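Worksheet for the structure shown next.
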Amino acid sequence: MNVYSPERSSQLQQGMTFAERYVLLNQVGQGGMATIFQALDLHTNQKVAVKHLNLPGHLSDEEIQTRIDRFEAEAQILGLLNHPHIMALQEYLVQDSNHVMVLELLEGQELQTFVKSQKPSTRMMLKLMDQLADALEYVHSHGIIHCDLKPENIIVLKDQNLKLIDFGIARLEGVETPSSRDALVGTLSYMAPEQIQNSRVSNYQIDIYALGVVMYEIFTGSQPFVSDNPGGAMLMILNQEAPSPHLIQPALGEDLSQLILSCLKKKSQHRFLSCRQLRQFLKVVMERGFPEAQPNGPAQRAYLPQIQHFENFSLLEELVHLISHQSNGQLILWNSYQEATVWFSGGYLMHVDVKNKPYEPFQGICSLTAWESGNWMFFQRTPPQAETLAIPQSNLLIAELRKYHHEFMEYWEFYQANDIPEVVMRPSAAQISRMSEADQYLLEVIDGKLSIGQIHSILPMDRLTVMKSFKSLEDRQFLFVDRYR
């Protein structure tokens, strides 16, 4: 780690050559944390951006070190990324206590400026939002959360493609960074409710929420929550629902409004599971709601069903309804950590897929009733040709589902009532020797690290069976709680 020393530092200025390679041509940006220069790379004869960390002399040693740590963390994160819609890091240098990132030079406009000056069509803005979601999907695939998504950090280039910039407060999932130790870092208008309630919250849904605010703003011309003071803004973000975008701009249509509002749900498990899933819906709206033939026209119907939400294990009744009414179509379900698909044909189960894994239909549909909360939408469409795998009599299937659900809830209430700690305690060697092979295997798999939901995704058994196994193991000094409750 390089600690700042006033005696060894020098202020970078226009006309200087840094590291005997980068000629600073002119200053193009100035912020509290850094100054940005356009520079000429003498080795390649290409123009680049040089981002220089500001370390004014009035800062304490601790404040200086915090700034350096943040700057280095940003460089580390950018060094992991290589994507056409993310600003590229070329080099990180420290010389005479000057900390510098050499970055790809971007010539364009901030997103909000671009929208106001160019007045792009709705279809063009949807294309840009798809690029932004693509960039975020890539970022999340590397375990990184941006944490500061806003129009100022989105640049639209001259060729009308987009670049995501400024990873200064980004976080690596599961890793404490300088920004994650701060009280509340980011831009309030784009913060998810859970960030306001707990500044250390780090999940991909906070970026999805911020993406929803960005979309709301560029499509309607205003932010969803506006207040004269930060306290009022916080209360609105925590407690109020955003007005529907199509009520502000009717040409947007209900489908695009629903997509934006789904990003802005108060509970993270009611937002989209991932940017990949968001892009799937976005493309439906773009291709059907705003076709190429009418890029400037009002929205056409994009055929997206209403996204529904469920709480407290209440999905059972919807499944019963679909079976008993001999439904035809595709049921899509998701929450903040998993997704599933069920195909129905005349009330029969054709296919059940959970976390991209096919399940035996009855076992799979039982697994869905063990979801505490989440979202669902049902597409009425002709199922693909496939062998029907369901129990033939729908009333028998419904009875079995209700029986399973009742038994599951009894076990769930037991775990809730006994406040079982989030630790699986290892039994003694003698106790292990008396276990069945199945229980020994379960012990080997969990090893004190996995939740019921996680084990359920690994073992070839439904969630109730896993909970029953834990109940039997508890008698041998096993204790457990579900992390997702």
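Tabulated data
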read-out: Positions within segment 41-55 being surrounded by fewer than 17 Cβ atoms within 10 Å (Cβ to Cβ) and closer than 17 Å to Val100 by Cβ, in sequence order; value: Leu42, His43, Thr44, Gln46, Lys47, Asn54
read-out: Counted residues, segment 130-162 - those being part of a helix (DSSP H, G or I) and either polar (S, T, N, Q) or outside the structural domain of Lys116 (by TED's automatic domain parsing) (or both); value: 3
read-out: In segment 5-55, residue nearest to Gln90 (Cα to Cα) [restricted to those that are modelled with pLDDT of 90 or more and touching a helix residue (DSSP H, G or I) at 6+ places or on another chain (Cβ under 9 Å)]; value: Lys51
read-out: Number of the exception - Ala299 against (1) at pLDDT 85 or above; (2) within 28 Å of the chain's Cα centre (by Cα); (3) in the same structural domain as Asn395 (by TED's automatic domain parsing); value: (3)
read-out: Qualifying residues in segment 56-99 (those that are closer than 21 Å to Asn153 by Cβ and without any contact (Cβ under 8 Å) to a residue 24 or more places away in the chain) - the one surrounded by the most Cβ atoms within 10 Å (Cβ to Cβ); value: Leu89
read-out: Residue within segment 381-391 that is within 30 Å of Pro250 (Cβ to Cβ) and in contact (Cβ under 8 Å) with a residue 12 or more places away in the chain present; value: yes
read-out: Number of the exception - Arg271 against (1) buried (at least 16 other Cβ atoms within 10 Å of the Cβ); (2) within 13 Å of Phe378 (Cβ to Cβ); (3) in contact (Cβ under 8 Å) with a residue 40 or more places away in the chain; value: (2)
read-out: Any hit, segment 322-344, residues being outside any loop (DSSP other than H, G, I, E, B), crowded, with 20+ Cβ neighbours inside 10 Å and without any contact (Cβ under 8 Å) to a residue 24 or more places away in the chain; value: no
read-out: Restricting segment 41-82 to residues that are in contact with a Ser or Thr (Cβ under 8 Å, 6 or more places away or on another chain) and not in a helix (DSSP H, G or I), the residue that is farthest from His146 (Cα to Cα); value: Leu42
read-out: Met125 modelled with pLDDT of 95 or more, out of contact with any strand residue (DSSP E or B) (no Cβ under 9 Å at 6 or more places or on another chain), in the same structural domain as Ser268 (by TED's automatic domain parsing) and within 25 Å of Pro298 (Cβ to Cβ); value: yes
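Matching residues to (1) surrounded by fewer than 20 Cβ atoms within 10 Å (Cβ to Cβ); (2) over 20 Å from the mean Cα position of the chain (by Cα); (3) on the phi > 0 side of the Ramachandran plot; (4) assigned to a loop (DSSP other than H, G, I, E, B):
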residue	(1), (2), (3), (4)
Val213	no, no, no, no
Tyr216	no, no, no, no
Ser222	yes, yes, no, yes
Val226	yes, yes, no, yes
Gly232	yes, yes, no, no
Pro243	yes, yes, no, yes
His246	no, yes, no, no
Ser257	no, no, no, no
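One line per residue, one yes/no per condition, for (1) modelled with pLDDT under 85; (2) over 30 Å from Tyr303 (Cα atoms); (3) not in a helix (DSSP H, G or I):
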| residue | (1), (2), (3) |
| --- | --- |
| Pro383 | yes, no, yes |
| Ile398 | no, no, no |
| Lys403 | no, yes, no |
| Val424 | yes, yes, yes |
| Ala430 | yes, yes, no |
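The values are calculated or read from the model by the stated rules, or taken from the named source; none is laboratory data. None of these values were measured; they are calculated from a predicted model. FYI the Cβ positions are ideal-geometry reconstructions off the backbone, even for glycines, and counts take in every protein chain you see.
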